[in-house]
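Engineer: If you scroll down you'll find the structure; I have some questions about it.
Just so it is clear, none of the values below were taken in a lab; they were calculated from the coordinates. Keep in mind that what you see is a predicted model, and the values were worked out from it rather than measured. All Cβ positions, glycine included, derive from the backbone under ideal geometry; neighbour counts span all protein chains shown.
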Amino acid sequence: MSVGKYIKDVWGAVRSLGRGMKRTLYYFTHHKEIITQQYPDNRETLNLPERFKGEVVMPHDEKNEHRCTGCQACELACPNGTIKVVTRFDMIDGKKKKAIDKLVYHLELCTMCNLCIEACPSDAIKMAQTFEHSVFDRNKLTKILNNPGSKIMDGVE
Amino acid sequence: MTNEELKAKITELLPAATFEEGGEWININIESKDWLSAAELLRHESSLFFNYLFCLTCIDWKTHLTMVYHLSSTQYRHNLVVRCKLDRNKPEIESVSHIWRTAEFHEREVYELFGVNFLNHPDLRLLILPDGWEGKNPLRKDFEDPVNMIKL
Amino acid sequence: MYRETQIIAGSSHPSFAEVGQPGEFIINVGPQHPATHGVLHLVITLSGETIKKVEPHLGYIHRSIEKMCESLSYRQFIYVTSRMDYLSAHINNHACAMCVEKGLQVEIPPRAQVIRVLMDELTRIASHELWWGAMAMDLGAFTPFFHAFRERETINDIMEETCGARLTMNYMVPGGVMQDIHPDFQKRVKEFIQLYKRKVHEYDEMVTGNIIFQNRMKNVGVLSAEDAISYGCTGPTGRGSGVSCDIRKLYPYEIYSTLEFDEVLETGGDSFARYMVRIREMNQSIRIIEQLIDNIPEGEVLTKTKAVLKLPKGEFYTRVETARGELGVYIVSEGGTNPFRIKFRSPGFSNLSVLDHIARGSKIGDLVAMMGTLDLVIPDIDR
Amino acid sequence: MWSFSNISDNIHDWLSANFNATWTLIIEMVIAGTLVIGLFAMLGLILVIMERKVSAWMQIRLGPNRVGPKGMLQSMADTIKLMVKEGMTPNGADKIMFNLAPFVAMIVAMLLLAPIAFAENFQLWDLNIGVLYITAVSSIMVISILMAGWASNNKYSLLGAMRSGAQIVSYELSAGLSILAIIVLTGSLQVSEIIESQRNGWWLFKGHIPAIIAFVIFIIAVTAETNRAPFDLAEAESELTAGFHTEYSGMKFALFFLAEYVNVFIVCGLGATIFLGGWMPLHIGNWTGFNNAMDYIPSSLWFFGKTFFLIFVIMWFRWSFPRLRIDQLLNLEWKYLLPISMVNLLLVTLMAIMGWHF
Amino acid sequence: MGAASLIVLIIAAIAFSGIAILISKFVLKPTTNKQKGEPYECGIPTQGKTWIQLNVGYYLFALIFLIFDVELVFLYPWAVVAKSAGWIALIEIVIFFFILFMGFLYAHKKGALKWM
């Protein structure tokens, strides 16, 4: 190894290290580049996109009515048995009509794959933008989506 | 080489092989005892030069097992699917891990998931399943998982 | 519903019962090791600092996805594949959706094709960003990890907006994509391209040009082209050895044949070549995105398919290029609603098998560099 | 003007007036001991939070910001956490050696404080071979690491300890040679004299380029000697999980941790003393006004300021560079640093003899 | 304070570490289980003996270091008087370094500085 090349090597090494140090110093002095989010503090301002798949919910209107006909399309579409539809038959105007008793939703099994929502023919369920799902008791993750006493909206078949 | 040329060439070189229609690639069936010599031919014959084994798997047809080898040539860019029928009760086939090194891991995987015994494999041990796992081959159709989580 | 299974893995290894020469010892790297990024377990035979043998032990997170898929319908099984190589979930979904479409013989709308390719390339960039940071962290530089995450988070935000999830999207379904893109999608992607172009020189400053880093990478884990083919190494691992194996170029799918991009090839075969392939590949992905982002055709994003999909009897194989290499999806159908057998030819599995071959004779520190540049994602290997 | 030396003199006077000589000495020793322990604990707390903040800002993060104002009490919380952790000894370990190793590390770190001049006339022991003393004692550090690594009965620990053994002994040479370059100029090994010789300017500036080269080599060598990244092969968390202290937990681990930080402080203090004039204020030529203004800043602030600047530089290294490999590490020492520092020493000698420095 | 400070420092170090460890001993109740005392090797039981003969690579550097460090100790007194001794000192050190460098070259040529 010639002395010239030796010195060139050392100089090149020092320069390459210097470039890296310059970059870190830049970030050290430029605090506006910081990307940390102050999570539990910024709960109020936290905006999740409307398509975010947090959990399956069943929207009810002010008259406590939902759109679920109990057709079980979601149950069939679900790859891992997250949704169980329990149906009953109501007597309306002397006719037997199928309606849901309970729509049981196992959040602990759900993979948020969106297939149930795609499958639903009457837009009865949708994804909610919640994400803080941790609980101390696993049973709390098994949810019943329809409100107690709710019934099907008029005009939904 | 186009599929027709390939077909002609293989018919000439491997008279024992039978062709199967369907799929975008040439499918051939080979007796499992002929597989090793066929594999060496396919790999080393200069006009075929199948040097890249891109998929090696096994299918359980409930009556028999089928080894499926997907071969490709990085030089001629032609592909070939080779099938070997195996006896379901005593599946045995020659290992090709010395021809295509990637086969070593894939064969170990097939060995434990299907129970196919690869003859002359350098290191045929369990790769994925825990030690002491014996007899049960998870990807066989008759395998029932005692702790299966989802019943559909 | 749940039952804990007791799995005692790696308790005894017959081939390692007897210890070799004096001065050699066996060390377990993983399953809980900072450099294995997951639960890979390597049993290494060492002599001093020199590696004599590396033996991977897998199966710590094996979920037998192939078996699971046999009991799921053609619409359902796709969501599982997001969990294989979770860093390129879109591309996995894409491969499966394409394979089902091949069986159904449906054409997907041009808009869906463009969206799929855009998502694939964004995923590829995101995956390479994470790899870049994680690999630098393996080599002892922590800072690049966070810098890489800044760009990666931007992509994740874009994904979240359109697909509703950040990692396991399940966005591509047989027949197209699940939903149309978000109205802001194009704007956000353009912003990301701007950000990327502004920051890309930092990668060079922080890592690529760094003399320590170059010395750690050059001539480490040299893999010849023949061995790369023989071991089935694809993706950046194969291309780092000079093997032309980009499925997007060789067997173009979707609209890749109409796009202008280069297949990145390096001839070194060492860790640095694999590193450079990924870095240059990110630029190529940006190039593809730039071509497409303003030219998304109008129209449907989902072809109408039957509610219950049935594939004809036969065998279907698709190959796509994920961020790690060639992913093959092999569906054997008996004509029912469920696949009879599915095989995923995952790139990581083949890439891992080469580790022993390239690691022999090098130092422990080199092993980390090699594992970093092979870019192993353990769920992809364990499936 | 307020200074440490006034306070210590006052205490000494008051003690000698009220007690006899023996008691004075004993009480002074007790005070000194308490002060040293306090300094130790403070250094640990400050350096840990400093490292975390420096790393966070370089990594575009905020860093600890929950405990105390701006997270400044985070290291206090960490200490409490470490205190309530069980310091366990693994089954197969050599129990005596295993438990002795943190003590050795601490004693070495503590002993190194003796000749450091924290402020004007404020020094525990101004011995005439101060610099040699520091070089000598600091090399005992490797023994504690080897003890810890060997006694742990863990393969990672053993490899880490062996690495650090090879590493520390190698880098001691170039650290010593770069210190010698300045010793040639000062002609004394006594810390107070070295500082005194820089009254008209720091050696870094007075010694021209050779002094700067010596300074750079010194910084690199001490980074390696204190096992800091990019030379943290003894710990190398991505290769050896935690290196020689893999098996240590709770307070025993904390002691190693503390000793490492105090070592960093001491080598930086030594660097500040030798190259940057210790507690000497910055004086530029004959700018009387400027010089007087500088004099007004207390000498202790000067010392700590310079030391913390050097510590910052070492932290800066850590968060910028990847880790070297063991053979590259030794190559760097034997093929680059050692020959360069030898040639540099010759240059400095020539310079000293010709009187080319100021 | 003189040499007495060394005693103070040693006592302070022992007291500091001792008290810290003792406090942590008193604060918590140790728990035991079978796995707790095992050496950490990523969660896998360790195979083979740990205390074995290690590769000579590590020790070779210690040997070379020994030689060079002794030379370095010679240099300290020289450095103190170098300025006052003048040219003699420079000539002496050049000769000294020349011999040292020859030794260094020899070690280099023999491959002692290459990691094995």
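Engineer: Could you tally the net charge around residue D:88, taking each other residue with its Cβ under 14 Å from the Cβ of residue D:88, Lys/Arg +1 and Asp/Glu -1?
Structural biologist: +4
Engineer: Using r as the Cβ-Cβ distance of residue A:29 and residue C:290, and R0 as 25 Å, what FRET efficiency do you calculate, to the nearest 0.05?
Structural biologist: Given R0 = 25 Å and the Cβ-Cβ separation, E is 0.15.
Engineer: Also: Let me make sure I get this right: for chain C, a, b and c are the square roots of the gyration tensor eigenvalues over alpha carbons, sorted descending. Under 1.5 in a/c it's rounded, otherwise prolate if a/b > b/c, else oblate. Which is it?
Structural biologist: In terms of gyration-tensor shape, oblate.
Engineer: Once you have a ≥ b ≥ c as the square roots of the Cα gyration tensor eigenvalues for chain D, tell me rounded if a/c is under 1.5, and otherwise prolate or oblate according to whether a/b is larger than b/c.
Structural biologist: On the way: a/c = 1.61, a/b = 1.20, b/c = 1.35.
In terms of gyration-tensor shape, oblate.
Engineer: Would you order D:268, A:120 from fewest to most other beta-carbon atoms within 10 Å of each residue's own beta-carbon?
Structural biologist: If I rank by nearby Cβ atoms, fewest first, I get A:120, D:268.
Engineer: Still on this structure: What GluC sites (Glu not before Pro) does the stretch B:51-151 have in DSSP loop regions with at most 14 other beta carbons within 10 Å? Before the final figure, lay out each step's value.
Structural biologist: Values: sites: B:92, B:94, B:104, B:107, B:109, B:112, B:134, B:144; in loops: B:134, B:144.
Answer in residue order: B:134, B:144.
Engineer: Is the shape of chain B best called rounded, prolate or oblate, per the rule: a/c under 1.5 gives rounded, else a/b larger than b/c gives prolate, else oblate, with a ≥ b ≥ c the square roots of the Cα gyration tensor eigenvalues? Could the numbers behind the result be given before it?
Structural biologist: On the way: a/c = 2.17, a/b = 1.80, b/c = 1.21.
The shape class here is prolate.
Engineer: A further question follows. For C:380, D:126, what's the fewest-to-most ordering of other Cβ within 10 Å of each Cβ?
Structural biologist: Ranked by crowding around the Cβ, least crowded first: D:126, C:380.
Engineer: Hey, another quick one. Taking K and R as +1 and D and E as -1, what net charge do the other residues with C-beta under 13 Å from the C-beta of residue B:105 add up to?
Structural biologist: -3
Engineer: While we're looking at this one, here's another question. Across the residues of C:274-283, average count of Cβ atoms on other protein chains within 10 Å?
Structural biologist: Across C:274-283, the average partner-chain Cβ count within 10 Å equals 0.
Engineer: Here is a further query. Work out the P(r) tail for chain A: percent of alpha carbon pairs separated by more than 25 Å, whole number.
Structural biologist: Working: 6540 of 12246 pairs.
Result: 53 percent of Cα pairs exceed 25 Å.
Engineer: Going by how many other Cβ atoms sit within 10 Å of their own, how do D:350, C:87 line up, fewest first?
Structural biologist: Lowest count first: D:350, C:87.
Engineer: FRET efficiency for residue D:7 and residue C:106, Cβ-Cβ distance as r, R0 = 60 Å, nearest 0.05?
Structural biologist: Values: r = 88 Å, r/R0 = 1.46.
Efficiency computed from Cβ-Cβ geometry: 0.10.
Engineer: Which whole number in µm²/s is D for the protein assembly as shown by Stokes-Einstein, with the Kirkwood Rh taken over Cα pairs at 37 °C and 0.692 mPa s?
Structural biologist: 97 µm²/s
Engineer: As I understand it, the dipole of the protein assembly as shown uses +1 on the Cβ of Lys and Arg and -1 on the Cβ of Asp and Glu, about the Cα centre. Which of D:88, C:332, D:215 lies farthest toward its positive end?
Structural biologist: The residue sitting farthest along the positive end of the dipole is D:88.
Engineer: Further, regarding this structure: Looking only at other chains, what is the average number of their beta-carbon atoms within 10 angstrom of each beta-carbon in A:107-117?
Structural biologist: On the way: counts 0, 2, 3, 0, 7, 6, 13, 10, 8, 0, 2.
Per residue, the number of nearby Cβ atoms from other chains is 5 on average.
Engineer: Measuring from centroid to centroid over Cα atoms, what is the spacing of the stretch D:168-195 and the stretch C:192-240 in Å?
Structural biologist: 42 Å
Engineer: Can you list the HN-Hα couplings for the stretch C:327-342, worked out from phi with the Karplus curve (6.51, -1.76, 1.60; θ = phi - 60°), rounded to whole Hz and with x for Gly and Pro?
Structural biologist: Working through the residues one at a time gives 9, x, 10, 10, 10, 9, 10, 9, x, x, 7, 10, x, 6, 8, 10 Hz.
Engineer: Normalising by the residue count of chain C, find the relative contact order in percent from Cα pairs under 8 Å and 6+ residues apart.
Structural biologist: 24 percent
Engineer: Dipole magnitude of the protein assembly as shown about its Cα centre, charges +1 at Lys/Arg Cβ and -1 at Asp/Glu Cβ only, in debye to the nearest 20?
Structural biologist: 780 debye
Engineer: Still on this structure, I have one more. Please give the contour-minus-distance gain from residue D:65 to residue D:297: 0.36 nm per residue of separation, less the Cα-Cα distance, rounded to one decimal in nm. Don't skip to the answer; put the middle values down first.
Structural biologist: Numbers: separation 232, 0.36 × 232 = 83.52 nm, distance 3.09 nm.
My answer for the length gained is 80.4 nm.
Engineer: In addition: List, in order, the whole-Hz ³J(HN,Hα) value for each residue of the stretch B:4-14 obtained from phi through the Karplus relation with A = 6.51, B = -1.76, C = 1.60 and θ = phi - 60°; use x for Gly and Pro.
Structural biologist: 5, 4, 4, 4, 4, 4, 5, 4, 5, 7, 10
Engineer: How about the stretch A:57-119: which trypsin sites (Lys or Arg not before Pro) there lie in a loop by DSSP and see at most 11 other Cβ atoms within 10 Å? Intermediate results must be reported in sequence, preceding the final value.
Structural biologist: Values: sites: A:63, A:67, A:84, A:88, A:95, A:96, A:97, A:98, A:102; in loops: A:63, A:67.
Filter output for the stretch A:57-119: A:63.
Engineer: Right, next: Could you check which residue among A:46, A:103, A:17 shows the biggest mean-square fluctuation in a GNM of chain A with a 10 Å Cα cutoff?
Structural biologist: So, out of A:46, A:103, A:17, the one fluctuating most is A:17.
Engineer: Of the options D:64, D:305, D:337, report the single residue whose Cα projects farthest towards the positive end of the charge dipole of chain D (beta-carbon charges: Lys, Arg +1; Asp, Glu -1).
Structural biologist: Comparing the listed Cα positions along the dipole, D:64 ranks first.
Engineer: Still on this structure, I have one more. Relative to the first principal axis of the alpha-carbon coordinates of chain B, what is the inclination of helix B:103-114, with its axis defined by its Cα atoms, in degrees from 0 to 90 and to the nearest 10?
Structural biologist: The angle comes out at about 40 degrees.
Engineer: Along the positive direction of the dipole of chain C (beta-carbon charges: Lys, Arg +1; Asp, Glu -1; about the Cα centre), which of C:244, C:86, C:261 reaches farthest?
Structural biologist: Of the options given, the answer is C:86.
Engineer: Something else now. If each of residue C:200 and residue D:21 carries a label point 7 Å out from its Cα toward its Cβ, how far apart are those two points in nm?
Structural biologist: 7.9 nm
Engineer: In nm, to one decimal, how far is the modelled label at residue D:97 from the one at residue A:89, with both set 7 Å along Cα→Cβ?
Structural biologist: 8.3 nm
Engineer: Per-residue mean of other chain beta-carbon atoms within 10 angstrom of the beta-carbon, peptide D:244-253?
Structural biologist: 3
Engineer: Can I ask one more? Calculate the length of the line joining the C-alpha centroid of the stretch A:132-154 to that of the stretch B:30-90, in whole Å.
Structural biologist: 53 Å
Engineer: Name the chymotrypsin sites (Phe, Trp or Tyr not before Pro) in the stretch A:52-155 that are in a loop by DSSP and that have at most 13 other C-beta atoms within 10 Å, would you?
Structural biologist: Here the chymotrypsin sites (Phe, Trp or Tyr not before Pro) that fit, given the DSSP loop and packing criteria, are A:131, A:136.
Engineer: Check which residues have an amide H placed less than 5 Å from residue C:46's amide H, if you skip close sequence neighbours.
Structural biologist: Amide H neighbours of residue C:46: C:25, C:26, C:27, C:52.
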